[in-house]
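Step one of this worksheet: look at the structure below.
The values are calculated or read from the model by the stated rules, or taken from the named source; none is laboratory data. Everything numeric in this text was worked out from a predicted model, so none of it was measured. Virtual Cβ from ideal backbone geometry, glycine too; neighbours counted across all protein chains shown. Note: accessible area is taken over every heavy atom of the protein model, side chains too, but ligands, DNA and RNA are not part of it. Shrake-Rupley method; radii C 1.70, N 1.55, O 1.52, S 1.80 Å.
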Amino acid sequence: MNATARAQPADDFDTINGPAAPDPGPVVFPAGYATRGGSLFYEPAGDESGATGFPIRLSGAFDILATTRDESGEGWGLLLAWLDKDGRQHLWAMPRRMLASEATTVWATLMDGGLFIASGNKPRNLLADFLSRVDVDGRALAADRPGWHGGRFVLPHIVYGETAGEHVVFQGERAAPGAFDKTGTLSGWQRAVAALAVGNPRLAFALSAAFVGPVLALVDGEGGGLHFVGDSSTGKTTALRAAASVWGPPIKRVLSWRATANGLEGVATAHSETFLCLDELGQLDGREAGAAAYMLSNGQGKARMKAAGGLRAVPSWRVSFLSTGETGLAALSATVGKTTAAGQEVRILELPADAGAGLDMWQELHGQRDGKALSEALNDATSREHGTAAPLFLSAIVADLDAAKRTAREVMANFEAVHVPPNASGMAKRAGRRFALIAAAGDLARRAGVLPWPEGEAERAAAAMFAAWAMAHGGVGASEDAKALQAVRDFIERNPTRFEPWEVVDPLQMRPAINRA
């Protein structure tokens, strides 16, 4: 793959991408509104006697650079720019629909960026009226979530790929501020983080999984999660932090499961086609665990009614996520008397965190005295080196999308042919395809010069983890069959007195079985 960078970085603004920002004009103000003295005013019209009311100050001054809309001609809004008191320029693509039901969020966003907004219902209603009626000729394409938009990969701060001369802005859910920040160098990250994954399948698998997001659309793959299960202090969170460092600072990117299924909608949208890291599954309410698994993996939020009737646009995403916890999805659901279906379990593939080598998650220490020392070295490295791997990977993919698609499909086909038995259950085949996708993502990152691994390292890691997953599930047969057999075993072990011996040695010593099974 050609890794020549074709990213179009942000200009002077924080969140603008593509060609230079359009000039603010021509802008047509509604009657009665004017800017003077660094503020926006409403000036009431005169009455029959010619007397006029006092001007009402609505806000500080701001520019309206363009009208925004998405690729389908919806999501119309305004591209606003202003200076805060420190002289820093702010830019926001405001969806106009927010003025109808979320006006308080509009005022909070503008005020958070340092723009003065008048208090009181009358000034704010007038400001809402102004923003809904002001007209500007310029146009900009608005992306409502991170990820692919045509042949472009859009992040909140940058666009990878050709914009065809069109201004592109981000107008959607955002990850935490600073979630895509870079520190250190790519070579530093490769030496201190990625190189330590060689010989450590769980770490190599986690790092490969971090590159899956942008590959999903290329192979029409399904979103879903991977969940490392094991005792505390085994290195699970360390592996999660290492994977997060592909995209940015782990402290910003590793989130907690401590949220409701509804709250996860915004989180999933903000991480669409990038990478989501969730720590400590046990913090999620067991009653919502199954619903959360379905929602994150299916890529679609709840349908909700508009206040005036009809359905709102349903939030959508395509997200790959890595999770950790001392318990798994089935065990968490069981704490509230619920069971999990095979469909839920294949959406979050549970993997044993312990590698079985007496070193917790690790098998190769790379010169460290023990597993704890290796974890500490990785944690220290990811705090210093992060956010440098994803940019090169995205640049390489957009440089030749067709080649990336071919390579990913070839790697996946080879993996499935070698590692997934033809007689495997439907669930195992579906899981095997997910493991194949992770192997392909890791190999694409290796070919792009991002992962400094020998050829085949990503596939070996994925194969090892597929074998570990299959072993934990009793093989590659149907999950429902394995559960049925286990249920019979559990019943016999719990109820020994409900059975009579098949062969009676001494009839005098035989006792009748109460409630015989």
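Values computed for the structure shown
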{"quantity": "Single residue of segment 403-419 satisfying the filter (over 22 Å from Leu322 (Cα atoms) and β-branched (Val, Ile, Thr)) that is surrounded by the most Cβ atoms within 10 Å (Cβ to Cβ)", "calculated": "Thr407"}
{"quantity": "Residues being without any contact (Cβ under 8 Å) to a residue 40 or more places away in the chain and closer than 19 Å to Ala445 by Cβ - total across segment 141-190", "calculated": "1"}
{"quantity": "Odd one out for Val229, checked against (1) under 17 Å from the mean Cα position of the chain (by Cα); (2) surrounded by fewer than 24 Cβ atoms within 10 Å (Cβ to Cβ)", "calculated": "(1)"}
{"quantity": "Flag if Gly113 is without any contact (Cβ under 8 Å) to a residue 40 or more places away in the chain and either exposed (fewer than 12 other Cβ atoms within 10 Å of the Cβ) or of a type in the set (A, V, I, L, M) (or both)", "calculated": "no"}
{"quantity": "When residues of segment 389-402 are limited to those that are open to solvent by less than 20 Å² (accessible area, probe 1.4 Å) and not aromatic (Phe, Trp, Tyr), the one nearest to the chain's Cα centre (by Cα)", "calculated": "Ala390"}
{"quantity": "Candidates Arg124, Arg133, filtered to the one that is open to solvent by 60 Å² or more (accessible area, probe 1.4 Å) and within 16 Å of Leu65 (Cα to Cα)", "calculated": "Arg133"}
{"quantity": "Subset tally (residues that are farther than 21 Å from Ala436 by Cβ, out of contact with any His (no Cβ under 7 Å at 6 or more places or on another chain), assigned to a loop (DSSP other than H, G, I, E, B) and among the polar types (S, T, N, Q)) for segment 190-246", "calculated": "3"}
{"quantity": "Test: residue in segment 205-215 that is of a type in the set (Ser, Thr, Tyr) and either open to solvent by less than 10 Å² (accessible area, probe 1.4 Å) or touching a Cys at 6+ places or on another chain (Cβ under 6 Å) (or both)", "calculated": "yes"}
{"quantity": "Sole exception among (1) small (Gly, Ala, Ser); (2) closer than 30 Å to Asp231 by Cα; (3) within 26 Å of the chain's Cα centre (by Cα); (4) open to solvent by less than 40 Å² (accessible area, probe 1.4 Å) for Ser425, by number", "calculated": "(3)"}
{"quantity": "Any hit, segment 465-481, residues being in contact with a Gly (Cβ under 8 Å, 6 or more places away or on another chain), modelled with pLDDT of 95 or more and either in a loop (DSSP other than H, G, I, E, B) or surrounded by 11 or more Cβ atoms within 10 Å (Cβ to Cβ) (or both)", "calculated": "yes"}
{"quantity": "The lone exception for Ala439 - which of (1) modelled with pLDDT of 95 or more; (2) open to solvent by 20 Å² or more (accessible area, probe 1.4 Å) it fails", "calculated": "(2)"}
{"quantity": "Options Gln368, Gln363: the member that is in contact with a Phe, Trp or Tyr (Cβ under 9 Å, 6 or more places away or on another chain), more than 30 Å from Gly286 (Cβ to Cβ) and open to solvent by 20 Å² or more (accessible area, probe 1.4 Å)", "calculated": "Gln368"}
{"quantity": "Verdict on Glu350 being at pLDDT 80 or above and open to solvent by 70 Å² or more (accessible area, probe 1.4 Å)", "calculated": "no"}
{"quantity": "Residue match in segment 38-45 (condition: surrounded by 14 or more Cβ atoms within 10 Å (Cβ to Cβ), out of contact with any helix residue (DSSP H, G or I) (no Cβ under 6 Å at 6 or more places or on another chain) and modelled with pLDDT under 95)", "calculated": "yes"}
{"quantity": "Every residue from segment 247-258 that is under 15 Å from the mean Cα position of the chain (by Cα) and assigned to a loop (DSSP other than H, G, I, E, B)", "calculated": "Trp247, Gly248, Pro249, Trp257"}
{"quantity": "Candidates Leu332, Leu278, filtered to the one that is out of contact with any Gly (no Cβ under 7 Å at 6 or more places or on another chain), buried (at least 19 other Cβ atoms within 10 Å of the Cβ), modelled with pLDDT of 80 or more and within 27 Å of Phe466 (Cα to Cα)", "calculated": "Leu278"}
{"quantity": "Residue count for segment 75-95, restricted to those that are surrounded by fewer than 19 Cβ atoms within 10 Å (Cβ to Cβ) and more than 16 Å from Gly138 (Cα to Cα)", "calculated": "7"}
{"quantity": "Pairs where the first residue, in segment 272-296, is in a helix (DSSP H, G or I) and the second is of a type in the set (Asp, Glu), C-beta under 8 Å, 6+ apart", "calculated": "Gly282/Glu326; Met295/Glu265"}
